[in-house]
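This report refers to the structure that appears directly beneath it.
The values are calculated or read from the model by the stated rules, or taken from the named source; none is laboratory data. Keep in mind it's a predicted model, so treat the numbers as computed, not measured. A quick note on method: Cβ atoms are made from the backbone with ideal geometry, for glycine too, and the neighbour counts reach across all protein chains shown.
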Amino acid sequence: MKLLIKKGRILDPGQKIDGVFDLLLADGRIVEIKPEIRVEADRVVEAGGLLVAPGFIDLHVHLREPGFEHKETIASGSRAAARGGFTTVCCMPNTSPVADSVEIIRFIREKASQDAVVNVLPVAAISVGQKGQELAPLEELAAAGAIAFSDDGQPVWNSALMRLAMEKAAGLGRLLIDHCEEKSLAAGGVINEGRVSRSLNLPGIPAEAEEIMVARDLILARHSGWPVHLAHLSTAGSVELLGWAKAAGVPVSAEVTPHHLLLTEEQLLTRDPVYKVNPPLRTEADRQALLQALRRGLIEVIATDHAPHAEQEKNQGLEKAPFGLNGLETAIPSLLDRLVKSGELPLERLIEALTIAPARLLGLENKGRIKIGADADLVLLDLSGKAMIRREDLQSRSKNTPFLNTDFHGAVVMTLVGGKVAYPFEMKY
């Protein structure tokens, strides 16, 4: 099957392409890139006025299956991903049972092969049961198809175990993703510790709870030479530590979420639990530090930390509601509208942080790139088009996004996975 994309602006920072080209896809691969391609195709997509980019890769999502299908399933989460322009997502292991066994990794892969409309890559737990006491069988998990390791949702509090995990992951060529949280400081906290928490008389989560664990793992990486990836950074102090580590040659990478780039603790003055996330929304100074770190490439990756919850769970009030918000369907429109349009984040840097940067970290040689022979995973964007975030349109089972009933300028028009249309859902060839 052949699909021909005509006259789109192809933007691929990884391949240093930015220009108007035709693009021919066949048998799931990119086979030709030229200013003009004349060929008989099964389908022709007229992309004049649209941006064509590599399909976005999200190395940090929660698809909840197995165990929490009332929040999300692999099927619904993958549809949300496709609608958001993501062609590959990496699902975290805090399922029930925890993805710490070969059986669960195989279950996720088989379920994804049956139900998913995008590539779903399982992340396995670092420790058994995510309890931070005993190392999971990392070699077996990698052989079963785990793309990375993480205890996300829980820190690996045991430093000796974390050091051993870093060594094992490095030997297996797998990314080790660290949830940076010192639980004795964060325990009982609801929102960021500071002016807003005091105003609302709520227990806070201090910046130190993140920064202490960031510092620990940077020290471990510095002395061992084994790499570590820092998940969902949220504080200016973490950025400062990351800058020190990079300058010292420490093998470290980091990610930031759209909500930490766009929102602050001020939103919590409404007491709306939709803004309750972990790590919490911080101050405007923290937001600016994260944004500047992303601009400079100090933070390489944007990851959504898509965390769906059932409505009755999120509506329990700020103190009882679970942490987390939906991100897959709102990330691209919100970032395009709020940061790229304003000039705060260059378009090329946004695309890089969603494509080639995560592809390199995960070792995905044929994704995140527009080049001959690469997987035909692509997204078509209308930078001036309107994206409307409406409850009835969301593909996720959960609706816990602060952007409901928001109109953004910047829309996903089409998502292609393996050369086939994954979004819009009714379009097939």
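Can you tell me which residues in segment 369-391 are part of a loop (DSSP other than H, G, I, E, B) and touching a residue at least 24 places away in the same chain (Cβ under 8 Å)?
Going through segment 369-391, the residues part of a loop (DSSP other than H, G, I, E, B) turn out to be 369-374, 376-377, 390.
R369, I370, K371, I372, G373, A374, A376, D377 - these are the residues of segment 369-391 that are part of a loop (DSSP other than H, G, I, E, B) and touching a residue at least 24 places away in the same chain (Cβ under 8 Å).
If M414 passes every condition in (1) in contact with a Gly (Cβ under 6 Å, 6 or more places away or on another chain); (2) not in a helix (DSSP H, G or I) but one, which one does it miss?
(1)
Only one of (1) in a helix (DSSP H, G or I); (2) touching a strand residue (DSSP E or B) at 6+ places or on another chain (Cβ under 9 Å); (3) surrounded by fewer than 19 Cβ atoms within 10 Å (Cβ to Cβ) is not met by Q133, so which one is it?
With respect to (1) in a helix (DSSP H, G or I); (2) touching a strand residue (DSSP E or B) at 6+ places or on another chain (Cβ under 9 Å); (3) surrounded by fewer than 19 Cβ atoms within 10 Å (Cβ to Cβ), Q133 is out only on (1).
Filter segment 148-160 for residues that are without any contact (Cβ under 8 Å) to a residue 40 or more places away in the chain and surrounded by fewer than 18 Cβ atoms within 10 Å (Cβ to Cβ); which is nearest to M92 (Cα to Cα)? Steps first, please.
Here is the first cut: in segment 148-160, the ones without any contact (Cβ under 8 Å) to a residue 40 or more places away in the chain are 149, 156-158, 160.
In the following step, the residues that additionally are surrounded by fewer than 18 Cβ atoms within 10 Å (Cβ to Cβ) were identified as 158, 160.
Details: N158: 20, A160: 23 Å.
It comes out as N158.
Are there any pairs, at least 6 apart or on different chains, whose C-beta atoms fall under 8 Å, with the first in segment 62-74 and touching a residue at least 60 places away in the same chain (Cβ under 8 Å) and the second outside any loop (DSSP other than H, G, I, E, B) and among the charged types (D, E, K, R), and if so, which?
Once the first residue is touching a residue at least 60 places away in the same chain (Cβ under 8 Å) and sits in segment 62-74, its partners that are outside any loop (DSSP other than H, G, I, E, B) and among the charged types (D, E, K, R) give K71/E313; T73/D115.
Within segment 138-153, track down each residue that is closer than 20 Å to G363 by Cβ and either part of a loop (DSSP other than H, G, I, E, B) or within 21 Å of the chain's Cα centre (by Cα) (or both).
So the first thing to find is which residues in segment 138-153 are closer than 20 Å to G363 by Cβ, and the list is 138-150, 152.
Within segment 138-153, A142, G145, A146, I147, A148, F149, S150, D152 meet the criteria.
Within segment 288-366, which helices (runs of 4 or more DSSP H) (wholly inside it) include 2 or more residues that are assigned by TED's automatic domain parsing to the domain that holds A236, surrounded by fewer than 17 Cβ atoms within 10 Å (Cβ to Cβ) and out of contact with any helix residue (DSSP H, G or I) (no Cβ under 6 Å at 6 or more places or on another chain)? Break it down into steps so the answer makes sense when it comes.
Values: elements: 311-314, 331-335, 347-354, 356-362.
Per the criteria, 311-314.
Can you find a residue in segment 103-118 that is within 24 Å of F323 (Cβ to Cβ) and surrounded by fewer than 24 Cβ atoms within 10 Å (Cβ to Cβ)?
To start, the set of residues in segment 103-118 that are within 24 Å of F323 (Cβ to Cβ) comprises 104, 108.
After this cut, where a residue has to be surrounded by fewer than 24 Cβ atoms within 10 Å (Cβ to Cβ) as well, the list is 104.
The answer is yes; a qualifying residue exists.
Going through segment 265-279 one residue at a time, which ones are within 14 Å of S197 (Cβ to Cβ), within 20 Å of the chain's Cα centre (by Cα) and assigned to a helix (DSSP H, G or I)?
Matches in segment 265-279: Y275 only.
Only one of I177, I205 is over 18 Å from E255 (Cα atoms) and either within 21 Å of the chain's Cα centre (by Cα) or modelled with pLDDT of 95 or more (or both); which?
On inspection, the qualifying residue turns out to be I205.
Evaluate the following for R282: is it assigned to a loop (DSSP other than H, G, I, E, B) and more than 22 Å from T95 (Cα to Cα)? Show your work before the answer.
Values: assigned to a loop (DSSP other than H, G, I, E, B): yes; more than 22 Å from T95 (Cα to Cα): yes.
Yes: the conditions hold for R282.
Given the residues G85, G173, G145, which is the only one that is closer than 23 Å to F56 by Cα, of a type outside the set (V, I, T), surrounded by 23 or more Cβ atoms within 10 Å (Cβ to Cβ) and in contact (Cβ under 8 Å) with a residue 40 or more places away in the chain?
Values: G173 fails: surrounded by 23 or more Cβ atoms within 10 Å (Cβ to Cβ); G145 fails: surrounded by 23 or more Cβ atoms within 10 Å (Cβ to Cβ).
Result: G85 is the single residue among G85, G173, G145 that is closer than 23 Å to F56 by Cα, of a type outside the set (V, I, T), surrounded by 23 or more Cβ atoms within 10 Å (Cβ to Cβ) and in contact (Cβ under 8 Å) with a residue 40 or more places away in the chain.
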